[in-house]
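Okay, structure first, notes after.
We did not get these values from a lab; they are worked out from the coordinates using the rules stated. Source: prediction; values computed, not measured. Cβ placement follows ideal geometry from the backbone for every residue including glycine, while neighbour counts extend to all protein chains displayed.
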Protein chains: 2
Amino acid sequence: MKKLINDPEQVVAESVEGFALAHEQVEASFDPIVVYRSQKSQKVGLVSGGGSGHEPLHAGFVGEGMLDAAVPGPVFTSPTPDPILKAAKIADSGKGVVFIVKNYTGDVLNFDTAAELAEFEGIDVRQIIVNDDVAVEDSLYTAGRRGVAGTVLVEKLAGAAAERGDDLDSVVSIAEEAVRNTRSMGVALTSCTVPHVGKPTFTLDEDEVEIGIGIHGEPGSKRIPMADADHITDQLIDPIVEDLQLSSGDRVIALVNGMGGTPSSELYIMFRRLHQRLNLEGISIERSLVGNFVTSLEMQGASITLMRVNDSMLELFDAPCNTPALRKGV
Amino acid sequence: MKKLINDPEQVVAESVEGFALAHEQVEASFDPIVVYRSQKSQKVGLVSGGGSGHEPLHAGFVGEGMLDAAVPGPVFTSPTPDPILKAAKIADSGKGVVFIVKNYTGDVLNFDTAAELAEFEGIDVRQIIVNDDVAVEDSLYTAGRRGVAGTVLVEKLAGAAAERGDDLDSVVSIAEEAVRNTRSMGVALTSCTVPHVGKPTFTLDEDEVEIGIGIHGEPGSKRIPMADADHITDQLIDPIVEDLQLSSGDRVIALVNGMGGTPSSELYIMFRRLHQRLNLEGISIERSLVGNFVTSLEMQGASITLMRVNDSMLELFDAPCNTPALRKGV
C-alpha cells in the first residue's frame, strides 16, 4: 500500500486539519471531529456526514448555500452519535436542523440516536434518508437501497431552500422531493485500499469491471468483461432511466461522478455518451456536474446520477453556493 | 489496461466533445481541436495548450478571467502549429495574443511556428515560457526546466490582467513576473498509462516513490523508499523554498496539486505539512488551491507549487473567474 499519509489512524484528523486550513469557508473542531461554516447564519440548519474516504463529500459541501456542518467518521465507518450531536448544536439557530443521511445501517442508527439526544436538548431535528443507488436492494451494510452520489444534489437543493429562508417543513419537503427523483449507479475498474486495513477491499481481474459497485466497494449487481466506455455507460444509464421512468419531455440534472482515481477525460467521454443517449430519448439535460464529488478513496470507476427536475428544483440548483467543492454565483 | 474509453485514438476528441457539452463557458471546434470561450470579449487574448492527459489543464481554464482558447494536443504530445494558429485567430480581438507555453521542446517549437504564422496574418503574438519545475535541468523532452502545475497560477494572473483591460505589454510583463516567482516539484507513487500505448510509462516498486517526477512520467531527481507524507512533502518543499530564496516575511500562494489518482484527503495531509513548515519559517500562505489542476492521467502522486506574491499579484489572483475548473467571485 502506497499512500501519502502518516499514521493510518490519523488520516481523517490530519486531512481535516489541512482542509480547514486551506478553505476560508470552513472551520473544524476536533475530539470529536466536526467541520462547520466559518460564518453561522440564522436559518434551518443542515447537517450531513458519514464515513470518510468519499471526499469531497461531505465536508467539501459545507458553506453558504449547502451544509452548515459535516461529520466525517473514520474511513468507511459511520461517525458515532456524539459528533453528530455536536454538529446539530452548531447548526441549530433555533429554527430546527435537518440531518441528510446516506442509507447505511450504521449511519441510520447513529444519526437516529443523535437526533433523539438533540431532541432532549430542545433541537427540532428531522431526518432525510438518501437511497439513490439502483444497483442492489439490501447490500452488505444496508437494508434497502444505498445512498451514493445523489446525496450531493439533495444537499444542494435542500441547502438552497434553507438559505433563502424556508422553514423546517419546507426544507424537509424539498429534500424528500429531491430524493424521490434521484437515482444513481456506479462501476468500478479497480478496488481501493482502506488505510488502516492496508490491502485492497476486493479484487477485480485485469479484464473485468464491476457494475453497480457500492462506494465502499460493496458488491454490485454483476461483473462483466471490460468493454468500451459507451457500452459501460449504457449499463449505468438503462437501470436509472427505467427506475425513474424517464420519458420524452422529462428534464434532468446529470452528475457524472469520478470514484477518485479516474482521469476527468474519461468522465467526459461518459458524459458524451450520456448526452447522446438521453438526447435520443427526448430527455433534456438541463444542468450537469462532471468530476469527483463522492469518491471511494483512489478507486478507478465512475457513477452516473440523474435527478428529474422541474423549474423550482432548477432554481434551487442554480442558487448561489460557496463551498470548498462547489461554487456557484458568488 | 482498464480505462473508460472507446477507441484509444479518439480519447481526446470524444473527451473534448463531452467537455464542451457539459460546460456553458466553453465551445469546441474539431479538425483541428480547439476549445474556446462561448462569449468572445474585446481584450488581449490568452492562448495555452499542450499535450492532453493533464486535465483540467488547459481547457478547464478557458473562460472569463483566464484563457480565451486552449489547444489540446494528443495525449502527452504537443499540438501542431495548425490548431495553435486557429486558437490565436479565435483569441485575437485586435489587441494581440499571449501564448502561455509549458517548457517542452515540442511545445516551444510548435507554438513558435504558430506565432510566426499568426504574425504573417497580422496578429501581434507574444510568448511566455513557463518553467517552474525545480526537479531537474534538461529532462527527457526539455532543454532547461520543465513547465508543470505553476502554469495554472500564471494563467490566472495573466488572465485577470487581460480581463481588466491591460494592454499586451502589461499582460506579458505580469505573466513574466508570475513565472519568475513560481516553482514546483512533484512526486509519483505510481505510473500512468497512455491510452494508445496501453502499458505503464514506467514502473515503481511497491516500496519506492519518485521525487521530482515530470508530468509525463519523465524521470525525476531520485527514487527513495516509500515514507510518510510529512517526510515526502518536505522533500518537495525544501528545493522550492531554496530555489525561490524564500525567507521570513515572504508571502506565497500555495498549490497542492493531485496527479489524477490521488484521493483529496492525501492532498490535504500534504497541505497541512506545508502549512506547518512555512509557518515555522515565517512564510505566509496568503491563498491556496488544493486539488487536481495539472494531472498525469491516473497517476498517483502530487506536486507542490509556491508563487511568491505581492499585493498586486494577490489582487489578480483574487479577481473573478468563471471557468469549468476554477471559479471565483462570479
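Quick notes on this structure:
- Each label point was placed 7 Å from the Cα along the Cα-to-Cβ direction; for B:ASP7 and B:ARG223 their separation is 3.7 nm.
- GNM flexibility winner over chain A from A:ALA229, A:ALA28, A:ALA302 (Cα, springs under 10 Å): A:ALA229
- Three-way shape call for segment A:188-307 based on the alpha-carbon gyration tensor, with the a/c threshold at 1.5: prolate
- A DSSP coil position with no more than 16 other Cβ atoms inside 10 Å describes the following GluC sites (Glu not before Pro) in segment B:70-132: B:GLU121.
- Top of A:ALA319, A:ALA161, A:ALA91 by mean-square fluctuation, Gaussian network on chain A, Cα under 10 Å: A:ALA319
- Taking every residue in A:10-16 and counting other chain Cβ atoms within 10 Å of its Cβ, the average works out to 5.
- The mean sequence distance of close C-alpha pairs (under 8 Å, at least 6 residues apart), as a share of the length of chain A, puts its relative contact order at 18 percent.
- Label-to-label distances for B:ASP207 across copies, nearest first, come out at 3.4 nm, using points 7 Å from Cα in the beta-carbon direction.
- Normalising the average separation of contacting C-alpha pairs (under 8 angstrom, six or more residues apart) by the number of residues puts the relative contact order of segment A:11-180 at 21 percent.
- Amide H contacts of A:VAL130: A:VAL101, A:LYS102, A:ASN103, each under 5 Å away and 5 or more positions distant or on a separate chain (H built 1.01 Å from N in the peptide plane; Pro and chain starts excluded).
- Size of charge dipole - chain A - debye, nearest 20, with Cβ of Lys, Arg +1 and Asp, Glu -1, no other charges: 480
- Inter-copy spacing of A:PHE30 label points, which lie 7 Å from Cα along Cα→Cβ, given in nm from shortest upward: 5.2
- Unsatisfied cross-links (Cα-Cα over 32 Å) in the set B:LYS156/B:LYS199; A:LYS102/B:LYS328; A:LYS40/B:LYS102; B:LYS199/B:LYS222: B:LYS156/B:LYS199; A:LYS40/B:LYS102
- Global form of segment B:11-180, assessed from the alpha-carbon gyration tensor, a/c cut-off 1.5: rounded
- Sorted from closest to farthest, the other copies place their B:ALA227 label points 4.7 nm away, with each point set 7 Å from Cα along Cα→Cβ.
- Under 12 Å from a label point set 7 Å out along the Cα-to-Cβ vector of B:GLU206, the amide N atoms of segment A:195-238 belong to A:199-200.
- The mean sequence distance of close C-alpha pairs (under 8 Å, at least 6 residues apart), as a share of the length of segment A:212-272, puts its relative contact order at 28 percent.
- Among B:SER139, B:SER265, B:SER52, the largest mean-square fluctuation in a Gaussian network model of chain B (Cα springs under 10 Å) belongs to B:SER265.
- Among B:THR233, A:THR151, B:THR77, the ranking by other beta carbons within 10 Å of each residue's beta carbon, starting with the fewest, stands as B:THR77, B:THR233, A:THR151.
- Phi angles across segment B:68-73 convert, under the Karplus curve 6.51 cos²θ - 1.76 cosθ + 1.60 with θ = phi - 60°, into 3J(HN,Hα) values of 8, 8, 10, 10, x, x Hz, Gly and Pro given as x.
- Here B:ASP138, B:ASP92, A:ASP230 are placed in order of increasing Cβ neighbour count within 10 Å, fewest first, which gives B:ASP138, A:ASP230, B:ASP92.
- A:VAL125 long-range amide H proximity, modeled H, under 5 Å: A:VAL97
- Estimated vicinal HN-Hα couplings, Hz - segment B:282-296 in sequence order (Karplus 6.51, -1.76, 1.60; Gly, Pro = x): x, 9, 9, 7, 7, 8, 8, 10, 9, x, 8, 10, 10, 9, 10
- Residues with amide H under 5 Å from that of B:VAL26, placed H, sequence gap 5 or more: B:SER38
- Peptides B:249-256, A:167-174 ranked from most to least packed give B:249-256, A:167-174, packing being the mean of other C-beta atoms within 10 angstrom over each peptide's residues.
- Of all DSSP-defined beta bridges confined to segment A:1-150, some 25% are antiparallel rather than parallel.
- For chain B, the mean residue ellipticity at 222 nm estimated from helices alone is -10000 deg cm²/dmol, where every DSSP H run of n ≥ 4 contributes -39500 (n - 2.57) and the total is divided by all residues, rounded to the nearest 500.
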